[in-house]
Every structure is written in C-alpha cells, then in structure tokens.
Amino acid sequence: MRVALITCITGQDGYYLARLLLDKGYKVHGVRQALAHDDRAHIKPLLDDITLHYGDMTDQTSLNNVMQAVQPDEVYNLAAQSHVGVSFAVPEYTMNVNGHGVKRLLDAMRAYAPKAKFYQAGTSELFGNSPAPQNEETAFDPQSPYAEAKLYAHQTVVEYRQQYGLYAVNGILFNHESPKRGDDFVTQKIVKAACAILKGAQDILYLGNLDAVRDWGHAEDYVEGMWRMLQQDAPDDYVLATGTSCSVRDFVCEVFGALGHDIIWQGQGAEEVGMLLENNREVVRIAPEFYRPAEVHNLIGDSRKAQQNLDWSIRKTRYNLIQDMIDAELNKDARAGGHIQRARA
Ligand code: G4F
C-alpha cells in the first residue's frame with residue numbers, strides 16, 4: 001500500500017486530494033496545525049480513514065518527527081498562508097510558512113524519507129503581470145509578499161531536484177475553487193453573498209477590484225493533476241489551468257445569473273455599483289479596503305504541457321463550478337429551513 005503525507009490536509013485541496021488518494025488505495029496521513037479551534041470541518045467525512053499528525057511549517061522538529069513516523073512514498077505540500085491580500089499585512093510570516101517552510105519540509109524529507117516524491121503547491125501568482133496566456137516558459141513577476149515567498153519555494157524545489165537528485169515538482173496552479181473554498185476568497189464571497197442577498201439576509205456585497213481577470217477552475221480537477229505529476233518517470237514542473245477566464249465583475253454576473261437575476265453596472269472606479277436589473281436595487285458596492293497595494297491583472301493559463309505529458313484535462317468548467325458552489329449553499333440554506341430558489345438553470 002502506498003503511503004501519502006499531505007500538509008494542510010484540513011483545507012480545500014487537502015480534502016479533495018485525500019479523497020482521491022483514498023479512492024486509489026493509498027494510506028493517507030495528514031498534517032494539521034496545533035490551533036485553539038477545531039479545523040477539521042472540511043475533512044469530517046474522511047476522518048475515519050486518515051491519520052492526522054500535528055505539525056507546522058515553521059517548526060522543523062515537528063516536520064522531522066512526522067516524516068520519520070510516516071515514512072511516506074509521496075509528500076504533497078499544500079500548507080501555506082494562502083491569501084494574497086493578507087500577505088501584505090503579514091509578510092514575514094508569509095515568507096516563513098510559504099518560503100522557508102518548504103525548505104524545512106524538503107530537509108525533513110531528505111533526512112527521513114529521501115526516496116519519497118515531493119509535490120509543491122506553486123501558484124500562477126508567480127507570473128504577476130507577465131502577459132497572458134502564461135505557461136512554464138513565462139517570466140516570473142511576483143507582485144505580493146505571497147508571490148515572493150512562493151517564488152522562493154519554487155526555486156528551492158528546482159535546486160533540491162538538481163543538487164540532491166530528489167523527485168520534487170512544482171505544480172503552478174491557477175485559481176481553483178469549490179464548495180469548500182474559504183469565505184475570504186472572492187468566488188465563495190460572491191456565491192455566499194448572492195444567496196444571502198436574494199433571501200434578504202444581507203443588503204450589499206462589498207468587493208475590491210472588479211477588473212481583475214482570473215482563470216478559475218474546479219479543485220477536484222487540480223488534485224488529479226497533482227497526483228499525476230508524481231506518477232512520472234522524471235520530475236518536472238507543470239502549469240494547471242482551464243485556459244478560460246473572466247473578470248471579478250463577470251463572475252458576479254454569472255453567479256446572480258445562475259440564481260435567475262441579471263446585474264447592471266453604473267459608475268466608475270470606487271463609485272461603481274451593481275444593481276438588480278428587475279428593480280434597480282443596489283447589491284454590489286466597492287469597499288477600497290479590499291483593494292491590494294499591487295494587483296495581478298490578468299491570469300490565463302496555458303496547460304498544454306500537462307495535457308500532453310500527464311494526459312491531464314479539466315472535467316468541470318467555470319459554469320459547473322458555479323453550479324456546484326451554489327448548490328452547496330442552497331442545500332445548506334434548505335437544511336436551515338430557507339427557501340432560496342434557483343430560478344434559471
Ligand atoms: O479570490 P482571491 O483572493 O484569489 P487570488 O488573489 O487570485 O489568489 C488565489 O489564487 C492563487 C492562484 O492564482 C493562489 F495562489 C492563492 O493562494 C489564492 O488561492 O482574489 C481574486 C481576485 C483578486 O484580483 C482580488 O483583488 O479578486 C479580487 N477581489 C476583488 N474583490 C477580491 C475582492 N478578492 C478577495 N479575496 N476579496 C474581495 O472582496
């Protein structure tokens with residue numbers, strides 16, 4: 001039986017990856033942080049089948065101990081301070097976890113499981129404002145402490161591959177979402193707010209930059225790509241993306257549209273508002289606190305290398321993603337006795 005170790009198994013990707021690996025017959029171990037609150041809500045359905053260990057990317061001893069105890073065949077590093085906007089507020093912490101933490105985990109692997117294969121959760125944020133579409137050859141242009149730390153991690157993986165002969169790969173993943181996405185990321189924020197507004201539980205959705213364009217895929221497809229990256233003869237870095245994109249503004253329209261309501265926009269910049277077409281009611285406004293000191297404007301991925309070498313492809317489009325996220329929210333509402341209707345399929 002193959003043994004996998006997943007850091008941050010408690011997050012969105014941790015859940016979907018653990019589920020995939022269990023289905024493939026792996027013994028799955030996960031690292032969770034020592035927190036004051038219980039962070040296992042996302043992985044509740046898997047708790048009987050996985051083994052959890054406390055550990056932290058800022059604590060070398062904990063990583064050594066987990067690596068020694070688990071003796072994994074495959075290590076998936078999903079742990080990160082993953083919010084780009086928040087990284088401007090906690091830049092040193094972000095570098096410690098997302099950058100130095102990767103070196104610590106690789107050193108633990110070198111010492112205690114040197115034959116294991118290593119996956120690093122890289123990011124399209126590395127490309128910053130390099131022109132789209134971006135692929136493995138595109139120049140990096142980090143625009144945030146988050147991206148700087150992920151660039152350090154990316155380089156460390158490449159160096160450890162070259163210097164120590166490790167099987168270590170970077171997955172350069174574009175935005176990927178799901179019903180398990182955290183509430184502070186823009187897709188989940190929009191879905192939850194749209195549902196709440198339409199049932200009268202919220203007045204306004206406050207957003208930052210509506211013009212940012214992202215390539216949004218479904219996390220279920222991306223964890224499949226992570227696994228495929230570790231099943232090759234030789235390690236290499238791969239972009240995973242859908243190759244399609246839309247702006248935050250259009251994502252708002254698509255979510256309200258899926259719920260049967262059209263949005264019209266008026267005004268410019270921080271004065272722009274989104275209104276329900278049927279009655280001109282304002283439902284979206286700009287709150288400058290959600291602007292970032294530097295923005296990545298246009299991310300669209302070119303994943304042809306992964307399609308060719310890994311036989312990877314997306315199964316769920318942005319339309320499917322939005323349907324899944326809305327369904328999860330409506331089911332939650334129905335269980336709570338609510339009555340939001342999806343007026344348009
Ligand atoms: O949902 P976001 O916070 O995701 P972002 O910054 O693109 O990062 C995500 O994807 C990366 C892969 O490309 C990952 F590496 C990273 O860990 C994370 O998963 O923001 C998306 C866009 C940004 O341009 C942001 O400025 O939406 C814009 N936005 C506008 N209003 C907002 C908001 N973002 C958030 N979180 N909240 C807003 O109110």
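Listed values for the range 249-265 are Karplus-derived 3J(HN,Hα) couplings in whole Hz (6.51 cos²θ - 1.76 cosθ + 1.60, θ = phi - 60°), namely 4, 5, 5, 4, 4, 5, 5, 4, x, 5, 9, x, 10, 8, 10, 10, 10, and x replaces Gly and Pro.
Rg/Rh for the range 63-107 (Cα atoms only, Rh after Kirkwood) is 1.07. Of the GluC sites (Glu not before Pro) found in the range 265-343, those that fall in a DSSP loop while having at most 12 other beta-carbon atoms within 10 Å are Glu278. Scanning residues 5 or more positions from Val75 or on other chains, those with amide H under 5 Å from its amide H are Leu5, Lys117, Phe118, Tyr119, with H placed 1.01 Å from N in the peptide plane.
For the chain, the relative contact order works out to 17 percent when only alpha carbon pairs closer than 8 Å and six or more residues apart are counted.
With a cut-off of 14 Å between beta carbons, the residues surrounding Val3 carry a summed charge of +2, where Lys and Arg count +1 and Asp and Glu -1. In whole angstrom, how far apart do the alpha carbon centroids of the range 152-228 and the range 1-37 sit? One Cα centre to the other: 17 Å. For Lys27, the aspartates and glutamates whose Cα comes closer than 14 Å to its Cα, not counting residues fewer than 8 places off in the same chain, are Asp48, Asp49, Asp73, Glu74. Taking one equal scatterer on every alpha-carbon of the range 167-252, how large is log10 of I(q)/I(0) by Debye at q = 0.14, 0.18 1/Å? Summing over Cα pairs of the range 167-252 leads to -0.59, -0.83. Relative to the compact-globule estimate of 2.2 N^0.38 Å, the Cα radius of gyration of the range 60-162 comes out at 1.12. Applying both filters, DSSP loop and at most 15 other Cβ atoms within 10 Å, to the trypsin sites (Lys or Arg not before Pro) of the range 156-255 gives Lys199.
By the scheme Lys and Arg +1, Asp and Glu -1, what is the net charge of all other residues having a beta-carbon under 14 Å from that of Gln163? In short, +1. Each residue of the range 239-328 gets 127 Å³ once the volume of the Cα convex hull is shared out per residue. Across the range 108-194, the relative contact order, built from alpha-carbon pairs under 8 Å that are at least six residues apart, equals 33 percent.
Amide H contacts of Glu177 (H built 1.01 Å from N, in plane; Pro and chain starts excluded): Gly217, His218, Ala219 sit under 5 Å, all sequence-distant by 5 or more or on other chains. Relative to the Cα centre, the charge distribution of the range 277-345, modelled as +1 at Lys and Arg Cβ and -1 at Asp and Glu Cβ, gives a dipole magnitude of about 180 debye. Using only the alpha-carbon atoms of the chain as identical scatterers, what base-10 log of I(q)/I(0) does the Debye formula give at q = 0.07, 0.10, 0.14, 0.15 Å⁻¹? Here the Debye-derived log intensity ratios amount to -0.30, -0.61, -1.16, -1.31. At the listed q of 0.16, 0.19 Å⁻¹, the Debye profile of the range 288-327, built from one uniform point per Cα, gives log10 I(q)/I(0) equal to -0.74, -0.84. The angle between the Cα long axis of helix 219-229 and the longest principal axis of the Cα atoms of the chain comes to about 20 degrees, rounded to the nearest 10.
Sequence-ordered 3J(HN,Hα) estimates for the range 113-121 from the Karplus curve with 6.51, -1.76 and 1.60 and θ = phi - 60° stand at 8, x, 8, 5, 9, 10, 10, 10, 6 Hz, glycine and proline given as x. If you keep only loop residues by DSSP, which GluC sites (Glu not before Pro) in the range 99-160 have at most 13 other Cβ atoms within 10 Å of their Cβ? Filter output for the range 99-160: Glu137. Would you mind checking the tilt of helix 145-164 against the longest principal axis of the Cα atoms of the chain, expressed as 0 to 90 degrees and rounded to 10? Compared with the principal axis, the helix lies near 30 degrees. Charge tally for Gln188 (other residues, Cβ to Cβ under 13 Å; Lys, Arg +1; Asp, Glu -1): 0. Taking the C-alpha atoms only, the angle from helix 60-70 to the longest principal axis of the chain is near 70 degrees.
Here is how the number arises for the chain: DSSP H runs of 4 or more residues each give -39500 (n - 2.57), the sum is divided by the residue count, and the result at 222 nm is -11000 deg cm²/dmol.
Where a number appears in this text, it was derived from the coordinates with a stated rule and is not lab data. These numbers come from a predicted model, not from an experiment. Glycine also receives a Cβ, built like all others from the backbone with ideal geometry; neighbour counts cover every protein chain displayed.
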